[in-house]
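Encoded as structure tokens, the structure appears first; notes follow it.
Just so it is clear, none of the values below were taken in a lab; they were calculated from the coordinates. Predicted model only: the values in this text are computed from it and were never measured. For neighbour counting, all protein chains shown are included, and Cβ atoms are generated from backbone atoms with ideal geometry for every residue, glycine included.
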Amino acid sequence: MVYEIWSPIPSPIRPCPMIFLNSPEYVQKLLNSSESAHLGKSFAYNPCKPFWHDGLIISKGDKWKSRRKLLTHIVTFKNLQSYMDIYNKESISLVKKLDDHFSHCPKNKAKTIDELLMTSSLNIIMEAAMGTDITKMTAAGDKSFVESVNTCMEIVVTRVLNPWLMIDWIWKLHPMSKYGFEVVSSARQYVRQTMEQNKKGKLDGEQTSLIEDLQEAGLTEEEITGEVFTIISAGYETTATTIHFLLFLLSLHPNHQELCRDEIDTVFDDPELCPGGNLTNAAFGKLKHLERCIQETLRFYPVVPVFQRHIEAPLELEKGVVIPANSVVTLFPQGIHMNPKYFPEPEKFNPDRFSIEEVKARPPFAYIPFSAGTQEVFGVQVCDAGSDELECENFEEFCGDHERYLG
């Protein structure tokens, strides 16, 4: 299915046709294209440019391809093993914070946990990307970088949700616009300090950060700042939000919560999979039901709710169906995920949709929570591993009896 409208929002130069794709087959044609002319980002990404520079999400064409190849080489599933200590440490810390958070809460009284989840996710990504523990930073009174990340996201969301602010000269009149320069300056200063610290060397066995890997690859300070800020600001909130939605859905479906708990108990009882109470990469492969629950959560609430591509050259979807050049193509993953043709009873929470048999029976691009194909969101493995780890510790601690059910 293809829908076309005349965009009510002008591009930086002139209005352009906006195409909406809602067919997995057509979506596959777009997202699997390796043509540089089909990899462009639309004007909707402009609010991110001051912060992410020409980083992976913003860049296009040959630069996007080379940067994607570099980062994929750096962050491989094999390399995730080096992050396991960070995952384990932070997940245990989160459980302690949650326990304290609810210990003073009257029974049957709701309390929010979004801030705790956000902080834990940010700490994981910060330590992996920059080798920095934000808990120690904030304890020492240094909140500048964390505040910069939060301000960046606030500015981007404000501009995206108010389309008239996408026009630069109007945005410059907005009171929030003055904070943009401060955010960029703070981020660059912190990256510069980290790079200088890295030159002094690390102790044997000390964790290597993403910044060091990018330095070794020959990227400039500005390029490193763009990539690091992209990964941190775009990664921590999506991970925390996914965990939040997962906890919400499992609280409504205690039977699946119990299955996850039983599965996790089995893993924690295995000294090879969980030596000393710390999860390993091998343990994740045993958490089949938890993995399916996360996938079903992402079907309801995809990490990327909407994304766009600027097509600079015609793209043929099938004979007689061609997207013209200079079009903006918009995809809504949730719209595809809720199509009963691919997911019967789409409003029902059913993790078994992601059994091997069910997945094989569907078009591969009927499920695109992280985008897909050549343009799938970078770092999916990191996000999945972080979510799995935090959830395991939560279930192990809080689902032991009905008095402490997540629901």
Legend entry - Local electrostatic count, Y45, Cβ distance below 12 Å [Lys/Arg +1, Asp/Glu -1]: +4
Inset, instruction - Mind listing the long-range amide H neighbours of N326? Cut-off is under 5 Å, sequence gap 5 or more, other chains count too, H placed in the peptide plane at 1.01 Å from N. - result: I311, E312, A313
Legend entry - Phi to ³J(HN,Hα) by Karplus 6.51 cos²θ - 1.76 cosθ + 1.60 over the range 303-309, Hz, x for Gly, Pro: 4, 9, x, 7, 8, 10, 10
Inset, instruction - Note down the nm distance, to one decimal, between modelled labels 7 Å out along Cα→Cβ at K63 and at E196. - result: 2.8 nm
Inset, instruction - Would you mind checking K41/K69; K29/K49; K29/K348; K69/K286 for any pair whose Cα atoms are more than 20 angstrom apart? - result: K29/K49; K29/K348; K69/K286
Legend entry - ³J(HN,Hα) computed for each position of the range 260-274 - Karplus, 6.51 cos²θ - 1.76 cosθ + 1.60, integer Hz, glycine/proline x: 5, 4, 4, 5, 5, 4, 4, 5, 5, 7, 9, x, 7, 7, 9
Inset, instruction - Compute the FRET efficiency between N162 and T241 as 1/(1 + (r/R0)^6), taking r as their Cβ-Cβ distance and R0 = 30 Å, and round to the nearest 0.05. - result: 0.90
Legend entry - Calculated FRET value between N339 and A313, using beta carbons and R₀ = 22 Å, to 0.05: 0.15
Inset, instruction - Answer rounded, prolate or oblate for the range 153-302, using the Cα gyration tensor with square roots of eigenvalues a ≥ b ≥ c: rounded when a/c is under 1.5, else prolate when a/b is larger than b/c, else oblate. - result: oblate
Legend entry - Net lengthening on full extension, E25/K178 (0.36 nm per residue, minus Cα-Cα): 50.7 nm
Legend entry - Extension gain (nm, one decimal) between L252 and S93, 0.36 nm per residue minus Cα-Cα: 54.7 nm
Inset, instruction - Please compute the net charge surrounding M176, taking Lys and Arg as +1 and Asp and Glu as -1 over other residues with Cβ under 15 Å from its Cβ. - result: -1
